[in-house]
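Following: one structure in structure tokens, then a few remarks.
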Amino acid sequence: MGQGLEQQSREQWKTRSGFMLAAMGSAIGLGNIWKFPYITGENGGAAFIIVYLICIALIGIPIMLAEFAVGRNTQKDAVGSFRELTPGKPWFITGIFGVAAAFFILSFYGVVAGWALSYTTKAMSGDLLAVPADQMADHFVGFISTALSPILWQLLFMAIVIIVVVKGIKQGIEKWNKILMPTLGVLLLILVIRSVTLPGAGEGISFLFSPDFSSLTASAILVALGHAFFSLSLGMGTMITYGSYVPKDVKLPTAAVGISLADTGFALLAGLAIFPAVFAFGMNPGDGPGLIFITLPAVFEMMPFGQFFSVLFFLLISMAALTSAISILEVPVAYFMRKFEWSRKKATWILGIIITLFGIPSSLSLGAWSGFTIGGLGFFDAVDYLASNILLPLGGLLTALFVGWALGKKKSLEIGGLSEASIWGKLWILGLRFVAPVLIIIVMLNALKLI
Ligand code: TRP
């Protein structure tokens, strides 16, 4: 009886496409449009991309399916799902790592998303393109190191995230993703068409698509692997949480493949929107994190109708960041709602505010508080390092071992919706048992500078 009531009141996605768009919205974010292009630029282009695609196929898709399966089977949050499947065992700690990772990641994600929002308004007002190209870097560094302004933009961004999540799965998260994701696709296509039709775009296209494996380094391979995780929103219970709202009739393997393809397609399109333009105007593709905030505005200045395209571009980033941030906040919200029986409203506001406050030192660490370091890293970088290099891979590793080994093959195949006789079922279990754990351990040891 109690169980029945609980299941009745638990939220679900309204439609299959609503779920797909929300999961794509989670995956497609700053990782695709900000980070993927700059790490591709830093690591030499096409050869790096090929390694990245292999990582998506070998560990990304299997772990995404594992997360969906765990969430959908138990209809519980990131911690509760492990508790239900293996009661009395310590596997739930995986979920605790996830909730912690969500907390840390969202704190600085909100800071970068705030920059994107601010750049959107600067692009609209014309202030951005009024900055002389050679001063774009100073302008950006000046902005992010100011004490107050970036924090106000971060607060505004986080307020929007909270308002969406308060509304719940159907009325908030699903509804917003249904509007934002198609818009995102259209904006990106317009930008790609603009970029690849510029005179001189060919060099940028071949940078993306003609591989030179001699330039591929070992560290590039590890960067690719770590990023596959981040980009697919794996390792912290996001996909467990989103999976827990999925109706029983949705085919999870197809969903995992579709979402991964969409995420990868988006990253490649973002590369196609950026590099041809960067090369066409003789800029440097290896400019690192400043690529979209420094190099691109300078590119827009030289482009016909550059202001229009700059507004589209920064809107695109802000919206992509929003749909991802929503999914990150939902992880602790779902956990606190069940564990402490908080209402959605209470959980969202309290957790949202705490995470936002925790992001403030991240923002300040790029300016006023830059003297304060933890193990040689500023606060922003330290939080990013802890979450992206330790908690996420650890979460992914434990999830793979959990579904690969602890649950037992039969149960895993059943909740994943694959049969033992099929090649996909075999490959999935093999991936979770051996391939993913080994690769993840190598990446972690490297990130910890142990190898
Ligand atoms: N995948 C998102 C991006 O590419 C970020 C993100 C959302 C994420 N949820 C996550 C990263 C969970 C790691 C884990 O920007």
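The values are calculated or read from the model by the stated rules, or taken from the named source; none is laboratory data. In this text, all values refer to a predicted model and were calculated from it rather than measured experimentally. As a convention, Cβ positions derive from the backbone with ideal geometry for all residues, glycine included, and neighbour counts pool all protein chains shown. Protein only, heavy atoms only, side chains kept; ligands, DNA and RNA dropped before computing areas. Shrake-Rupley method; radii C 1.70, N 1.55, O 1.52, S 1.80 Å.
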- [ ] Quick one: count up the residues across region 199-251 that are farther than 30 Å from Lys76 by Cα, open to solvent by 10 Å² or more (accessible area, probe 1.4 Å) and either away from the ligand (no atom under 15 Å from the Cβ) or in contact with a strand residue (DSSP E or B) (Cβ under 9 Å, 6 or more places away or on another chain) (or both).
- [x] 20
Task: Residue, farthest from the chain's Cα centre (by Cα), within region 123-148, restricted to residues that are free of Cβ contacts under 8 Å to residues at least 60 places away in the same chain and open to solvent by less than 40 Å² (accessible area, probe 1.4 Å) - done: Gly142
Task: Failed condition for Lys170, given (1) surrounded by fewer than 17 Cβ atoms within 10 Å (Cβ to Cβ); (2) closer than 28 Å to Leu269 by Cα; (3) basic (Lys, Arg) - done: (2)
Task: Among the candidates Gln154, Gln171, residue that is over 19 Å from the mean Cα position of the chain (by Cα) and either at pLDDT 95 or above or farther than 28 Å from Val299 by Cβ (or both) - done: Gln171
Open item on the list: Need the failing condition index for Asn389 against (1) open to solvent by 40 Å² or more (accessible area, probe 1.4 Å); (2) in contact with a helix residue (DSSP H, G or I) (Cβ under 9 Å, 6 or more places away or on another chain); (3) away from the ligand (no atom under 16 Å from the Cβ), just the number.
Closed with: (3)
Open item on the list: What's the total number of residues in region 409-434 that are open to solvent by less than 50 Å² (accessible area, probe 1.4 Å), touching a residue at least 40 places away in the same chain (Cβ under 8 Å) and among the hydrophobic types (A, V, I, L, M, F, W, C)?
Closed with: 4
Task: Ile56 being away from the ligand (no atom under 14 Å from the Cβ), in contact with a Ser or Thr (Cβ under 6 Å, 6 or more places away or on another chain) and closer than 23 Å to Ile328 by Cα - done: no
Task: Selection status of Thr254, surrounded by fewer than 24 Cβ atoms within 10 Å (Cβ to Cβ), modelled with pLDDT of 95 or more, part of a helix (DSSP H, G or I) and not aliphatic (A, V, I, L, M) - done: yes
TODO: With a cut-off of at least 2 residues that are in contact with a Phe, Trp or Tyr (Cβ under 9 Å, 6 or more places away or on another chain) and over 28 Å from Arg72 (Cα atoms), name the helices (runs of 4 or more DSSP H) lying wholly within region 347-451.
DONE: 379-384, 436-447
Open item on the list: Condition check: assigned to a loop (DSSP other than H, G, I, E, B), within 24 Å of Thr356 (Cβ to Cβ) and not acidic (Asp, Glu). Does Ala130 satisfy that?
Closed with: no
